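Heads up: the structure comes next, in structure tokens.
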Amino acid sequence: SQTIHQWPATLVQPVGSPLSLECTVEGTSNPNLYWYRQAAGRGLQLLFYSVGIGQISSEVPQNLSASRPQDRQFILSSKKLLLSDSGFYLCAWSVATAYEQYFGPGTRLTVT
Amino acid sequence: TQLLEQSPQFLSIQEGENLTVYCNSSSVFSSLQWYRQEPGEGPVLLVTVVTGGEVKKLKRLTFQFGDARKDSSLHITAAQPGDTGLYLCAGGAGYALNFGKGTSLLVTP
């Protein structure tokens, strides 16, 4: 069976510090991978998606970036965090595009 | 961007009551998914509907896809406290899914 992991679970970082969130998927090959941000327990905002190694598409221009160094690894980064980067970050995978997605447990990021 | 509007935004009911939440759009979707999310956790996929007019049942939950594939509803019969959570609908758009803002459901004993 497939599983998806995210770490860390929670993170408190000062403004201007760097960020690295990691997501890994097990039990499947060549998944589509996604990063979402969710504010205040409401809707999900798609940040990045990837259909293959090194292939990253950005949905929202901002100070975040994503990378996919391996087939089942997806990383969300920032060089300098802003207060507005606080939120709940979710990684997801799917077999097919625009279809069923399976989410990780999320990372709660607080920028102080 | 294909927008999905969910209603109501918040719903507070007592155990045993029935409820329906809605997901509407002006766009046609090839498929539509429903997820449930509990606080501090990732959304969990409940169901996918594909065919216009399709009805799927998952225990006390009934999901319906509109004939024109623009809207969907989720009906819960005899709600239980364990049904509490954020219910999200999502429709396929390009390479990703568009999510509605969700219906936050609270079921009290």
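Assorted remarks:
- When accessible surface is computed with a 1.4 Å probe, chains B and A are found to bury approximately 1700 Å² between them, both chains counted.
- For the residues of B:36-44, the average number of beta carbons from a partner chain within 10 Å of their own beta carbon is 5.
- Simple rule: put +1 on each Lys or Arg Cβ and -1 on each Asp or Glu Cβ in chain A, find the dipole, and look at A:P18, A:Q101, A:Y36; the Cα lying farthest toward the positive end is A:P18.
- Full extension of the chain between B:K59 and B:I13 gives 14.6 nm of extra length, using 0.36 nm per residue less the Cα-Cα distance.
- Relative intensity of chain A on a log10 scale, I(q)/I(0) at q = 0.15, 0.24 Å⁻¹, equals -0.58, -1.46, per a Debye sum over C-alpha point scatterers of equal strength in the absence of solvent.
- Local electrostatic count at A:L44 - Lys and Arg +1, Asp and Glu -1, tallied over other residues with Cβ under 10 Å: +3
- Heavy-atom accessible surface of chain B: percent carbon and sulfur, 1.4 Å: 49
- Average accessible area per residue (Å²) across chain B - probe 1.4 Å, nucleic acids and ligands excluded: 47
- For chain B, pairs of C-alpha atoms spaced more than 21 angstrom apart make up 29 percent of the total.
- Surface share of carbon and sulfur [accessible, 1.4 angstrom probe, percent] for the stretch A:1-96: 55
- Total lysine pairs under 27 Å (Cα atoms) in the protein assembly as shown, excluding pairs fewer than 8 apart on one chain: 7
- With Cα atoms defining each centre, the stretch B:21-76 and the stretch A:26-85 are spaced 25 Å apart in the structure.
- Residue-normalised accessible area of the stretch A:70-112, given per residue in Å² at a 1.4 Å probe: 43
The values are calculated or read from the model by the stated rules, or taken from the named source; none is laboratory data. What you are looking at is a predicted structure, and each value in this text was computed from that prediction instead of being measured. Positions of Cβ are generated from backbone atoms using ideal geometry, with glycine treated the same way; all protein chains shown enter the neighbour counts. Ligands, DNA and RNA are excluded from the accessible area calculation, which covers all protein heavy atoms including side chains. Shrake-Rupley method; radii C 1.70, N 1.55, O 1.52, S 1.80 Å.
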